[in-house]
Structure formats: structure tokens, C-alpha cells
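So the structure is just underneath, and the comments pick up after that.
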Amino acid sequence: MPVVAAHHLVKQYRVADKQPGLAGTLRHFAHRRFRHIDAVRDVSFTINPGEIVGFLGPNGAGKTTTLKMLTGLIHPTAGQVEVVGHTPFQRKPAFLRQITLVMGQKQQLMWDLPAMDSLKINAAVYDVPDREAQARIEELAEMLQLHGQLNQPVRKLSLGQRMKAELLAALLHRPQVLFLDEPTLGLDVNAQAAVREFLRQYNQKYHATILLTSHYMADITALCQRVMLIHEGGLVYDGSLPGLLERLAPHRQVTLEFDHAIAPHQLQPFGQIESIDGTVASILVPREQLTDTIDRLLDAFTVVDLTVTDPPIEKIMGKIFHAPATELPG
């Protein structure tokens with residue numbers, strides 16, 4: 001049975017349609033006009049127990065709105081949603097004990113108090129006995145490498161340490177489903193890697209289900225076998241990450257080193273030129289033409305070295321995020 005099931009989810013916002021300036025304000029005061037914005041349009045998906053799913057999309061695509069509907073923070077305009085057998089917006093205690101929501105730009109820890117004080121409050125809120133709470137704190141602190149830092153005021157912690165402490169607070173009640181919205185936002189490379197490794201360990205140990213949004217593609221490639229792509233409020237892809245790249249990036253990147261400098265016009269018949277720097281060049285070749293193109297290149301030039309890779313995933317996703325939804329492959 002799916003842990004998360006969304007069926008034809010829709011979320012519309014009614015916003016004032018007011019012209020700027022004093023005249024616009026007066027007209028709006030006398031005759032109010034409104035318009036509707038579709039934040040999420042007819043989104044359906046299911047997530048099975050233990051899955052780690054990446055939720056991708058540009059800013060304003062509807063990712064956070066969807067997460068808020070899944071966690072019961074907002075009511076869907078239409079459609080149905082069920083998480084661990086509950087209707088989220090009813091906000092029943094049995095439901096809240098099984099989920100958590102971590103937003104990278106928000107914090108729940110009290111700024112001027114040691115993180116341990118906030119953790120004890122969280123344990124009391126979720127009715128976790130003192131001895132059990134202490135054991136869980138020690139276990140998660142060990143996994144997160146937060147040795148000795150939980151007794152410091154939160155404001156004294158680094159950004160990476162605060163994010164780890166936020167994760168500990170969010171997981172103290174041992175939820176079954178984790179909704180993570182940009183959990184590595186603003187962290188340095190080492191802190192991002194530490195958070196990713198913790199999430200991998202937590203998923204393996206507790207078979208937790210994770211829905212993760214992130215603009216750092218390293219988070220997605222390191223953790224997620226499955227991705228969902230939302231664009232302009234609609235779900236345009238649900239499947240494997242390699243499958244997404246194959247559909248949306250039908251080229252392979254061929255990097256060559258020649259025995260002498262090459263001019264651009266010499267490579268134009270072989271593919272789309274990405275870069276040329278002296279004896280090293282990079283071109284994009286359609287996947288179905290790859291073998292034939294490499295044979296032609298080896299016949300035409302003296303090649304010292306040759307590598308074939310997929311284009312950088314960040315570059316592919318950047319193109320996707322800037323394309324209208326109607327131009328994405330169905």
C-alpha cells in the first residue's frame with residue numbers, strides 16, 4: 001500500500017487584481033476585482049514505503065505548495081490526498097506523529113537557548129518518555145556528528161550545525177514519512193555531504209519514506225532513484241533520474257584531445273560544438289548517432305584521448321527549468 005497517495009490535486013489562490021498608484025487603489029476600493037492563480041494543477045502520484053523520491057522544479061512550480069498540502073498545512077482546492085492512511089488537512093494527532101516537515105529556510109529551534117532545551121520540549125509535545133528521548137537524542141547526535149554542540153545556544157552554532165540540529169528535532173518522534181524542502185539550502189559542500197549521508201543512513205535504518213526537494217542536484221543524484229518533475233503547477237515527469245535525462249537530454253557529450261589545434265569549422269559536421277580550447281574540444285552528439293560519429297572522428301583526426309559522458313545534470317535541469325511546460329517532452 002502506498003504511504004503517500006495524491007489524486008488530481010489542485011490548489012488555486014484568489015488574489016486581488018489591483019492597478020498600481022492612487023487611482024488604482026481608489027478603483028479597487030470602490031470595485032474590487034480578483035483573479036485566480038493555479039499553484040498546482042491536477043497532480044497525481046503515489047509513494048511506496050521506504051522510497052526516497054526527488055521532487056524537482058523551478059521556483060514557483062508548485063513544489064512547496066504540494067508539500068504543504070501533503071502535510072496538512074493548507075487545504076487543496078480540489079482532489080484527494082492520503083498520507084499514512086490519514087487525510088492530512090484534518091491534522092489528527094495520529095497523523096502528525098508519523099510525519100515531519102523540514103524547510104531549509106525555516107527553523108523550529110529557539111534562537112537563544114541551547115538546542116537541547118528545544119529537543120526536550122519536542123519530546124514532551126510528542127509524549128516521548130524522558131529515557132527514550134535521551135536515547136534517541138544520543139543516537140541521532142551520533143549519526144549527525146553533533147558531539148557536544150547541543151548544549152550551546154542555537155545562535156552560536158554554524159549554519160551546518162543548526163541544520164543538523166533542526167533535523168534531529170524533526171526526527172525525534174521517529175516519523176514514518178519525511179517531507180524535506182531544501183534541507184541543504186545555504187550549506188557548504190561538506191555540510192551538504194554530511195546531511196545527505198545522514199538521510200541515507202536514516203532511510204536504511206528505519207525504512208523511512210522521504211520526499212525531497214532541492215536545487216542542489218548532488219542531493220538528488222546521491223539519494224534518489226526516482227524523481228518527479230513539476231513545472232508550472234503540473235506534474236510533467238515521474239520515473240527514474242536516468243530516464244528523465246535520456247528523455248530531456250537526447251545527446252551525449254564527447255570530449256576529445258587532438259594532436260594539434262582544431263578550428264571550429266572542422267568539427268561542425270560532427271555535432272554541436274560546446275567548447276574548443278587549443279587541442280581539446282567538446283561536442284554534443286545525438287545518442288543514436290554516437291557510434292557512427294566517433295568512427296568518423298577517429299578517421300578524420302589523430303585523437304590522443306576521447307571520453308563520452310552525459311552532459312552535466314545541472315546544465316540539463318537549468319534548460320528544463322527555463323523552458324515552458326508545453327515544450328517539455330510528454
Give all pairs with beta carbons closer than 7 Å in which a residue from region 227-240 that is among the charged types (D, E, K, R) meets a residue that is surrounded by fewer than 20 Cβ atoms within 10 Å (Cβ to Cβ) and modelled with pLDDT under 90; count only pairs at least 6 apart in sequence or on separate chains. 232/325
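Per-residue answers, yes or no, for (1) touching a residue at least 60 places away in the same chain (Cβ under 8 Å); (2) aromatic (Phe, Trp, Tyr); (3) in contact with an Asp or Glu (Cβ under 8 Å, 6 or more places away or on another chain):
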{"residue": "103", "(1), (2), (3)": "yes, no, yes"}
{"residue": "112", "(1), (2), (3)": "no, no, no"}
{"residue": "128", "(1), (2), (3)": "no, no, no"}
{"residue": "140", "(1), (2), (3)": "no, no, no"}
{"residue": "146", "(1), (2), (3)": "no, no, no"}
{"residue": "167", "(1), (2), (3)": "yes, no, no"}
{"residue": "170", "(1), (2), (3)": "yes, no, no"}
How about region 31-41: which of its residues are open to solvent by 90 Å² or more (accessible area, probe 1.4 Å) and either more than 11 Å from residue 17 (Cα to Cα) or of a type in the set (D, E, K, R) (or both)? 32, 33, 35, 41
Residue count for region 156-183, restricted to those that are open to solvent by 10 Å² or more (accessible area, probe 1.4 Å) and either of a type in the set (Gly, Ala, Ser) or in a strand (DSSP E or B) (or both): 2
Does residue 63 fit the bill of being under 20 Å from the mean Cα position of the chain (by Cα), farther than 22 Å from residue 164 by Cα and among the basic types (Lys, Arg)? yes
Residue in region 132-155 that is modelled with the lowest pLDDT, counting only those that are closer than 20 Å to residue 112 by Cβ and exposed (fewer than 12 other Cβ atoms within 10 Å of the Cβ): 148
Scan of region 232-253 for residues that are crowded, with 19+ Cβ neighbours inside 10 Å, out of contact with any helix residue (DSSP H, G or I) (no Cβ under 7 Å at 6 or more places or on another chain) and not in a helix (DSSP H, G or I), ordered by number: 233, 235, 253
Looking at region 184-218, which of the residues that are modelled with pLDDT of 90 or more and under 10 Å from the mean Cα position of the chain (by Cα) is surrounded by the fewest Cβ atoms within 10 Å (Cβ to Cβ)? 212
Kindly indicate whether residue 77 is β-branched (Val, Ile, Thr) and open to solvent by less than 60 Å² (accessible area, probe 1.4 Å). no
Just a yes or no: is a residue in region 106-116 in a helix (DSSP H, G or I) and either within 26 Å of residue 191 (Cα to Cα) or not charged (D, E, K, R) (or both)? yes
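The values are calculated or read from the model by the stated rules, or taken from the named source; none is laboratory data. The structure displayed is predicted, hence computed values, not measured ones. Reconstructed Cβ throughout: ideal geometry from the backbone, glycine too, with neighbour counts over all protein chains shown. Just so you know, the surface numbers come from the protein's heavy atoms only, side chains and all, with ligands and any DNA or RNA stripped out. Shrake-Rupley method; radii C 1.70, N 1.55, O 1.52, S 1.80 Å.
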